[in-house]
Amino acid sequence: MPARTPINQVTDYLRKQSEFWRKLVQPLASDNETPFFIFSSTPIKMALDELEKHFGHLPVRHWFSFKTQPLSPLLRWWRQQNRGVEVVSEFEFRAALTEGFTPENILLNGPAKHHWLPRHAMPGLRVNFDSSAEARALAPLAKQLDWSCGVRLKTNEEFDPEAPKYPTQFGLTADEAPLVIAELRRQNVRMETVHFHLRTNVASAAIYERALNEVAAICNAAEFAPKFIDCGGGFPPRHVATRGGKFLDREFNLDEMARAYERALKNFSGVREIWLENGRWLTAASGVLVVKILDAKERRGMRHLICDGGKTMNALVSTWENHDLIPLTPTRGPMCLTTVNGPTCMAFDQLARRPLPRSLSPGDYLLWLDAGAYHLSWETHFSHGLAAVWWHDGEQTSLVRPREDFAEWWGKWTPGS
């Protein structure tokens, strides 16, 4: 097991993160309504550089996980790096086309695609079949349009994270896969990929390696030699903790992951590339949520800061994760146990509970870090409009989505009879 990250490294990371985001947010806060998100390409580039350092000697291709961060300027930035996008829904697929991705640079995963993909079928797509029914329904189109196809496998390492004794709903079992692969071959479908995805926040490289060994055994049983091994995503984000305070990446190590890939390649003949779709690991550190304190209350030794953004509207992942939260202006003085609440009428709406400076007061701004993954995907309209979104391209910062106003929030309804 790798050593845990030394506390001084965590502190140094937080200091650098704080300096970076405070510099970007300071010019925006006083002149723009909160809450707002600000995202930057700089941390994503740094994450890609780190992956290249560890995996550069391997035939690895990185796909952008659209569902993780459906942010238009980020998609354009990613495409400009000559990289592909992974999509799991009709809207994501259509957005990828709108952003200029060519069919061969769009990888289609996810369940029940046979209910929408025929409406948008085009030559050159890359499609991984999730079930036998999906494979049967889409095989004629796959042959006609010369898709590069694959199958998603359900390994024993995949389970419902909230109820580990139960399986997930995705992929083909070891018994189903050989039959589906044989039938697709019989129909002359171009079969090139084997795919699996375990879950988010996979704890260690050993878990991936066990899954890869199982995938190799299934491929051998099916006499299938894939060109591409799609390992999905799941690397845990760095320096993000559980609600209990344990770092999600405490047992994860990129060097061990590289060695696992090296060993796995020996179990497959003819593999050209390993595909990765690590959305959270790449984007978690690429954004912050900025909120303003509206009110302050004391309750039986607990200080409550009521803010204009929070968990219910903007940060559902705070249900499971404990992110760093810092004042925009560095503050010193006595600390007290504080709950940071959002503005909704829900006791659930708690962005954080931790010691914070007692000097914080209405009008001050707070930055909730590591808000670059799944926050836009899971925003809500709970009695409020969607937050504004700012984008920093490494040099300039621009407003890319205005705050949703009342007319947009309520005006979507059509008149009744």
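For the reader, a short list of remarks on this structure follows.
- Spherically averaged projected area of the convex hull of Cα atoms, the chain: 23.1 nm².
- Computed about its Cα centre, the charge dipole of region 92-228 is approximately 380 debye, with only Lys, Arg, Asp and Glu carrying charge at their Cβ.
- Average accessible area per residue (Å²) across the chain - probe 1.4 Å, nucleic acids and ligands excluded: 46
- Helical content of the chain, expressed as a calculated mean residue ellipticity at 222 nm, amounts to -9000 deg cm²/dmol (DSSP H runs of 4 or more residues, -39,500 (n - 2.57) each, divided by residue number, nearest 500).
- Packing-based order for 259-266, 175-182, 234-241, using average beta carbon neighbours within 10 Å, highest first: 234-241, 175-182, 259-266
- Separation of alpha-carbon centers, region 241-287 and region 358-387, rounded to whole Å: 28
- Seen against the Cα atoms of the chain and their longest principal axis, helix 132-144 is set at about 70 degrees.
- Each of E298 and K246 was given a label point 7 Å from its Cα along the Cα-to-Cβ line. The distance between the two points is 3.7 nm.
- Relative contact order, percent, the chain [alpha-carbon distance under 8 Å, six or more residues apart]: 18
- Top positive-direction residue, dipole computed over region 130-229 with Cβ charges, set I207, P161, N220: N220
- Length gained on full extension, N32 to N213: 59.9 nm, using 0.36 nm per residue less the C-alpha separation.
- Sequence-distant aspartates and glutamates (8 or more away, or on other chains) whose Cα lies within less than 16 Å of K67: E86, E90, E92, E99, E277, E379
- Per the Debye formula on identical point scatterers at the alpha carbon atoms of region 114-189, with no solvent, log10 I(q)/I(0) at q = 0.12, 0.20 Å⁻¹ is -0.37, -0.84.
- Zone residues, region 305-341, relative to V400, backbone N less than 19 Å from point 7 Å out along Cα-to-Cβ: 314-315
- Residues of region 270-286 with amide N under 18 Å of a point placed 7 Å along Cα→Cβ from W378: 278-286
- Relative to its residue count, region 1-141 spans a Cα convex hull of 186 Å³ per residue.
- When the Gaussian network model of the chain links Cα atoms closer than 10 Å, the mean-square fluctuations of E298, E256, E158 top out at E298.
- Along region 49-62 the Karplus relation, 6.51 cos²θ - 1.76 cosθ + 1.60 evaluated at θ = phi - 60°, assigns HN-Hα couplings of 4, 5, 5, 5, 4, 8, 10, x, 7, 10, x, 9, 10, 9 Hz to successive residues, with x for each Gly and Pro.
- Listed by chain and number, the lysines whose C-alpha is less than 16 Å from the C-alpha of K53, apart from same-chain residues fewer than 8 away, are K45.
- For the chain, the residue among S359, V127, L369 whose Cα projects farthest onto the positive side of the dipole built from Cβ charges is S359.
- The long axis of helix 176-186 is offset from the longest Cα principal axis of the chain by roughly 60 degrees.
- Extension gain from R83 to W413, taking 0.36 nm per residue of separation minus the Cα-Cα distance: 115.0 nm
- Given +1 at the Cβ of Lys and Arg, -1 at the Cβ of Asp and Glu and no other charges, the dipole of region 81-145 around its Cα centre is 200 debye to the nearest 20.
The values are calculated or read from the model by the stated rules, or taken from the named source; none is laboratory data. Remember, it's a predicted structure, so these values are computed and weren't measured experimentally. Every residue, glycine as well, gets a Cβ built from its backbone with ideal geometry; the counts of neighbours run over all protein chains shown. Protein only, heavy atoms only, side chains kept; ligands, DNA and RNA dropped before computing areas. Shrake-Rupley method; radii C 1.70, N 1.55, O 1.52, S 1.80 Å.
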